[in-house]
Each structure stands twice: as structure tokens, then as C-alpha cells.
1. If the cut-off is 25 Å between C-alpha atoms, which lysines fall inside it for A:Lys45, apart from same-chain ones fewer than 8 positions away?
2. With θ taken as phi - 60° and the coefficients 6.51, -1.76 and 1.60, list the Karplus ³J(HN,Hα) couplings across region A:54-60 in order, rounded to whole Hz; mark glycine and proline as x.
3. Straight-line reach only, C-alpha to C-alpha below 20 angstrom: list the lysines that B:Lys173 could link to, leaving out same-chain residues fewer than 8 apart.
4. Taking only complete DSSP H runs, can you tell me which helices of chain B stretch 15 Å or more along their own long axis by Cα positions and average at least 0.0 on the Kyte-Doolittle scale?
5. Each residue of region A:196-202 in turn: what ³J(HN,Hα) in whole Hz from Karplus with 6.51, -1.76, 1.60 and θ = phi - 60°, glycine and Pro shown as x?
6. What percent do you get for the relative contact order of region A:71-225 when only Cα pairs under 8 Å and 6+ apart count?
7. Can you list the residues, at least 5 places off or on another chain, whose amide H is less than 5 Å from the amide H of A:Ser68, using H built in the peptide plane?
8. For A:Met41 and B:Ser17, what is the calculated FRET efficiency with R₀ set at 30 Å and r taken between the beta-carbons, to the nearest 0.05?
Number of protein chains: 2
Amino acid sequence: MSIYQRIFTDIETKIISGDWRPGDRIPVEHELVAEYRCSRMTVSKALSALAERGMIVRRRKTGSFVASPQIDRTVMDIQDISTEAELAGHEHRFEILARKIERLGEAEAQQLSEPADAEVLRLQCLHIVDGRPNAIERRIIMLDAVPRAREESFASIPPGKWLLEQVPWSKAKHVIRAVSADTVTARILQTKRGEACLSLIRQTWQNGRTVTYVEFTHPGDRFQFAGTFHPAAN
Amino acid sequence: MSIYQRIFTDIETKIISGDWRPGDRIPVEHELVAEYRCSRMTVSKALSALAERGMIVRRRKTGSFVASPQIDRTVMDIQDISTEAELAGHEHRFEILARKIERLGEAEAQQLSEPADAEVLRLQCLHIVDGRPNAIERRIIMLDAVPRAREESFASIPPGKWLLEQVPWSKAKHVIRAVSADTVTARILQTKRGEACLSLIRQTWQNGRTVTYVEFTHPGDRFQFAGTFHPAAN
DNA sequence: TATATCTATTTGTATAGTCAAAAGCGGAGC
DNA sequence: GCTCCGCTTTTGACTATACAAATAGATATA
């Protein structure tokens, strides 16, 4: 493994693991030069690569800092179809509909590739934007990965935001589907049974362990995902 | 603008414009060094950045080549829910349901940000995978951007694939929605009216001009989008 | 003929330096 | 107080060079 890759992954690991948190300062180049006994070019290359991936932010004179995570932006760029307006200026609130601690069932355990007896926090949450139901959030939080979730009531902070503060960096897999609203979902979202809904499922890992699994169900007549992509590697 | 950026954008432009096509060889480093009168490090940095973005492929001894476009993979990573299998090994065919040349209407022109009298080729196409309807493709091709579409019958090659050969590199915007199948859509897709369908809209540009606008409508009970994302810049 | 070896080419990584640009900081002058 | 100036730190871009690794193609050998 090359020096440049070692520096890159060392810093990436510190960020992903939460050891260095958003806003934290990264050693300046000459410190890393001393630490790794290499030239400044090599350090610079590693830091530039991290900056290009959006993991750190670099500023002259002040140094380099851990960036804020953007995982939510990646796919959660939800647009309100009726207004086409950005989220700014919208009134958002949420209600916890259910909260219980239990063990994973056999089927779910298989789905998440986690042991069947793993303790989890199961949440159900309704998001309301401008007075109208916007999404049902059905979430599973792995308690061994995020033990502090056991004491958190989520009364004043939505689970997604809270988790981001606990586990700021991670990898995620998304699945987007169209589903028909069942009776319960339709009632909660105040729409008709059978209505087309957009479902976003996200499973999040940190260091190879599942942190959370969540499904958002949006009323299809009101919401969509949008994004600009250009071809990329990986 | 730095030398490294100039080399990068020069090559990117040649690829995006179709001047250099997938598989074409890129000048080796020492040729670019001579052309830009700079050091090899600078050329190497530009080429490495292009490789990281997936626009070129680099191999020792043989040189660097324009990569194959991946825009379809970005979001079109469609999984068959029932089989969860990859596309390989599935029998795919398609039928052209409609093909006509006309001028953009006022409403559509506004939606695409194109002049209202622009000549377009309008296509409707049904995709069938393993004998079952998989998607309706409703496509608009801008004839001034792709004049050769006028003579193409699309009898033996699907429009998306054909376009990729004509206009291999481009930028795209995607919108994903859930919609209820109307009567016509339901009949074509052999599903029930009102059934939840997943709709993917993609608008593609080349050098700032719209190339094509397409909407795929998939039966929601059979298909989904999936992808692994990690936080990225831009 | 088939296989092993050599050679030339091209990319990959690294060094040790230079100069420049951005920006925070403190001090001089008003 | 405020503005302007120069100093210093840190990143950004670049050079010229070196050696290593991969490998396509030519050459030599069994």
C-alpha cells in the first residue's frame, strides 16, 4: 500500500469511525509530513483526494477540517411537487407514533444480515410539512452499534438528525420503489388506500456494522426525488 | 486557469463532444507534456483525475483510453424484485409502439427549456423482460442535436442504446416519482389501473443543449432502483 | 512449436524543492 | 475607534527528477 493511500485511509478511518468529528481540524501538511516521514506532495495528494470526495474542507492559512456529512443530500433531495420550492421556508414537524425496544425477528435479521437476537430500537414517526403528512418513517436502530439510542426519547429531535450527530459518517445503500398504500399507511398519510407511494429504503453501515435501517413512505402525488448526475467511477 | 485544469477540461471536452469516442486512445503522457510544455507530474495529475471520474481508463504500457459511458448505470440499476437477479441471463426485447416527427408544443417546450418550434422525434417503446412488460419508454429526441435520428427506425436497437452510440457522454438530470397507472399505461404494462408505478424521468444534455428527454414507467410491484452511495462532493 | 526471458514503453509513486495566492493577525497611523 | 500595510501561515500549482511496477512485443531457448 502506498504512502499516499495509507494517509488517505488513516484519515478516512478516523472520520468514518467518529474519532474526528465534523469541524475538527486535521493536522496541517507539515505535521503529516513529519508523522509519515514523506514529502509534502504525498501528503497534499492524500488531502486533496479527501477534499474531492467531500470528506474534508481545505482553506488556505486556516488549514483543513472534517466536512459535514452529505449522505442525506445524496438521495433525500425531496421536492414538493405542488410548490416546487426548496425546503427552506417550509414548516416541518414530526410525531413519534411508536417506540419500542425488542429483538430482531428471523426474517428481518436475514434481510439485514445481522444476528437474529440483536437488540434493536424500533421507531415509527410521521413527518408533517406545511400541515400535511409528508412521510412515514419506519426505522430500526441497532442498539449495539448506537447504545445511546436506548435513552433517547426523540421528542425534540428527529431520529435521522439525532443519528447523524451520533454517527456522522457512514456508507449507505438505497432502494427506491413505488408501492400502493395499504389501509394503515393511507390513514396516516391522509390519502386513499391503493394510492401510489414512493418508498425510500436506506440501510446505513459504519465500519461494516449496520447502524440503522429505515423506510420512508411518501405520498406519490406530492413528492419526488430529483438529482443531477454525471458519470462517475466506482 | 491552471495547466492541470486546462489539460483536464480540454480532454473532457473532446470526450463529451464526441470528438474522441469510447475506446479511442489518448495521447501518452510525454506527448501531452510536449503539447502543453509542462512537467509530467502535471499531465499525470490531470489524467488521474479523469480516470477517477471514470471518463478514461489507464493501463501501463498500453496507455490511456476513453472509457465507456456509465450514465445508464447511475440510476438505471434496475432490479427485478421477483428474482433479485442481475440483468445477465434475462431475455430482453422491445417493441416500438409509436414513432413520429413533430414540433414541440408550448407546454413541453417550456418544460424542456427549448424553443417551441423545435423539431423532435417522439417515440413510444415497450420493454419486455422474460416475457413480461417491464417498462414503457416515452422519449423525445431533439432532432437538431441528433439529426441522424430522423433516418433511424429503431427496429433492431433500442433508442437509449442507439443514442448512447451517437452521443456517448453527457450530463443528465433524473427525477423519480411514484404514479398511479392510468388506463392506457395499465393496459400496456398488463397491470391494473391505479397500480403504483415507478417513473424515472431523465433529461440529457450535451454541451448545454438538450439531447433527449425520456420517461420510463415501470410496474411498481416488479421493479425498483437500488444503489450504494457514499457521501461525495459537488 | 511452445515456453521462457529480455527489453522498451507507459503508468504509478515519491522526493525535494520553488513560487504564488489566500487569508488571519498585529501594528502603525489617523 | 477604524483603515491600511506588511508579516506569517497554510494551501495550491508546478518542476525536474528518480525509481518501481506492469506488460506488450520481440527474442532466445528447449
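The values are calculated or read from the model by the stated rules, or taken from the named source; none is laboratory data. Fair warning: this is a prediction, and the values are worked out from it, not measured in the lab. Note that we place each Cβ from the backbone using ideal geometry, even for glycine, and neighbour counts take in every protein chain shown. When the accessible area is computed, the model is the full protein with side chains, heavy atoms only, and any ligands, DNA or RNA have been set aside. Shrake-Rupley method; radii C 1.70, N 1.55, O 1.52, S 1.80 Å.
1. A:Lys14, A:Lys61, A:Lys171, B:Lys45, B:Lys61
2. Residue by residue, region A:54-60 yields x, 7, 10, 10, 10, 9, 4 Hz.
3. Qualifying lysines at Cα under 20 Å: B:Lys161.
4. Span-like helices here: B:3-16, B:40-52.
5. Per residue, the Karplus-derived 3J(HN,Hα) values read 5, 10, 9, 10, 10, 10, 10 Hz.
6. Relative contact order here is 24 percent.
7. Counting only residues 5 or more places away or on other chains, the set is empty.
8. Using R0 = 30 Å, I get an efficiency of 0.35.
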